[in-house]
Amino acid sequence: MAKPKAPRRTLDSYTVKPINRTVKAGDCVLMRPSDHGKPSYVARIERIEADSRGANVKVHVRWYYRPEESLGGRRQFHGSKEVFLSDHYDVQSADTIEGKCTVHSFKSYTKLDAVGNDDFFCRFEYNSSTGAFNPDRVAVYCKCEMPYNPDDLMVQCEGCSDWFHPACIEMTPEEAKRLDHFFCEGCSSEGQKKLQNSHNTSRNSDTKHKHYVSGGYETASEVNFKLKRSGDLELQWWKLVVLPRV
């Protein structure tokens, strides 16, 4: 007669001894890949279980996929720290946990003063069997009509409020960072009139109007533009593109 399985119990938390970190349900963790040449897997802990003696600890996880692990592969607008919350659940040994990490919302990620090695962001849920994304529409910007990549530098037109990649408007990143004002090609005529009025007003009030630059933060002044950027981008969901399926 087969020996019955010993009952397992749910743990509120567990300390992973090799890294001396305590994890609990809801935490995001980095897990050791089977192929040591690959980056650590990213997962969210759903439940922690152990046997009756408190040994043989297992974690029930929900995997995050990196863009290159999805059916569509990595696209130009995917950020380097972007992951998708998948419908793929699994059970793994707690000993495969290599560390804790944070998966931010897209909005929270864009407000970070600095991005650490253990910071990621998620703006899509991903169906691993169909390759479908939720939401399946995303805002697009610039002449190239690409979704926003938070790693990329962009400048905002003071006329239409759209955002543009420097390369798409024949400008270097260094030139973009030095801009005080920017009007895209479609707004340039009207923009010059507004700019002239702005200059006339500033002579009386000594107020300087600074054009906002987003993405690629390396300097303190660029970090100051971050709050403006995240709000402006969030308001432009009127311009949409359907994410392709594979």
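Could you list all residues from the stretch 97-124 that are over 9 Å from the mean Cα position of the chain (by Cα) and closer than 15 Å to R62 by Cβ?
Answer for the stretch 97-124, where residues must be over 9 Å from the mean Cα position of the chain (by Cα) and closer than 15 Å to R62 by Cβ: I97, C101, F124.
Please go through the stretch 149-173 and pick out each residue that is in contact (Cβ under 8 Å) with a residue 24 or more places away in the chain and of a type in the set (V, I, T). Walk me through it before giving the result.
Taking the stretch 149-173 and keeping what is in contact (Cβ under 8 Å) with a residue 24 or more places away in the chain, we get 149-163, 168-169, 173.
Correct list: V155, I169.
Checking V91 against (1) modelled with pLDDT of 95 or more; (2) in a helix (DSSP H, G or I), which test does it fail?
Status for V91: all satisfied but (2).
Working carefully through the options I45, I19, find the one that is at pLDDT below 95 and either among the charged types (D, E, K, R) or open to solvent by less than 90 Å² (accessible area, probe 1.4 Å) (or both).
Values: I45 fails: at pLDDT below 95.
Exactly one residue qualifies, and that residue is I19.
What number of residues within the stretch 66-88 are open to solvent by 40 Å² or more (accessible area, probe 1.4 Å) and either part of a strand (DSSP E or B) or charged (D, E, K, R) (or both)? Show your work before the answer.
Applying the first criterion (open to solvent by 40 Å² or more (accessible area, probe 1.4 Å)) to the stretch 66-88 yields 68-69, 71, 74-76, 80, 87-88.
Now restrict to residues that are either part of a strand (DSSP E or B) or charged (D, E, K, R) (or both): 68-69, 74-75, 87-88.
Of the residues in the stretch 66-88, 6 are open to solvent by 40 Å² or more (accessible area, probe 1.4 Å) and either part of a strand (DSSP E or B) or charged (D, E, K, R) (or both).
Among the residues of the stretch 23-39, how many are open to solvent by less than 30 Å² (accessible area, probe 1.4 Å) and either modelled with pLDDT of 95 or more or charged (D, E, K, R) (or both)?
Kept after step one, since they are open to solvent by less than 30 Å² (accessible area, probe 1.4 Å), are these residues of the stretch 23-39: 23, 27-31, 33.
Those still in the list that are either modelled with pLDDT of 95 or more or charged (D, E, K, R) (or both) too: 23, 27-31.
Here the count works out to 6.
Mind listing just one residue for me: the one in the stretch 116-131 that is part of a loop (DSSP other than H, G, I, E, B) and touching an Asp or Glu at 6+ places or on another chain (Cβ under 9 Å) and, of those, surrounded by the fewest Cβ atoms within 10 Å (Cβ to Cβ)? Reasoning before the result, please.
Of the stretch 116-131, the ones part of a loop (DSSP other than H, G, I, E, B) are 116-118, 123-124, 127-131.
Going one step further and asking which of them are touching an Asp or Glu at 6+ places or on another chain (Cβ under 9 Å), we end up with 123-124, 127-129.
Values: R123: 21, F124: 21, N127: 16, S128: 15, S129: 9.
Checked the stretch 116-131; the qualifying residue surrounded by the fewest Cβ atoms within 10 Å (Cβ to Cβ) is S129.
Does the stretch 142-152 contain at least one residue that is in contact with a Pro (Cβ under 7 Å, 6 or more places away or on another chain), buried (at least 16 other Cβ atoms within 10 Å of the Cβ) and closer than 23 Å to G73 by Cα? Don't jump to the end; show me each part of the working.
Of all residues in the stretch 142-152, those in contact with a Pro (Cβ under 7 Å, 6 or more places away or on another chain) come to none.
No, that holds for no residue.
Name every residue in the stretch 83-125 that is farther than 17 Å from R21 by Cβ and of a type in the set (D, E), in order of residue number.
Matches in the stretch 83-125: D87, D90, D113, E125.
If you scan the stretch 114-147, which residues turn out to be on the phi < 0 side of the Ramachandran plot and touching a helix residue (DSSP H, G or I) at 6+ places or on another chain (Cβ under 6 Å)?
Going through the stretch 114-147, the residues on the phi < 0 side of the Ramachandran plot turn out to be 114-130, 132-141, 143-144, 146-147.
Scanning the stretch 114-147 gives F121, R123, K143, C144.
The values are calculated or read from the model by the stated rules, or taken from the named source; none is laboratory data. These figures come from a predicted structure and were not determined experimentally. Neighbour counts are summed over all protein chains in view; Cβ atoms, including those assigned to glycine, are modelled from backbone coordinates with ideal geometry. The protein model used for the area step is the full one, side chains on, heavy atoms only, and it has no ligands, DNA or RNA in it. Shrake-Rupley method; radii C 1.70, N 1.55, O 1.52, S 1.80 Å.
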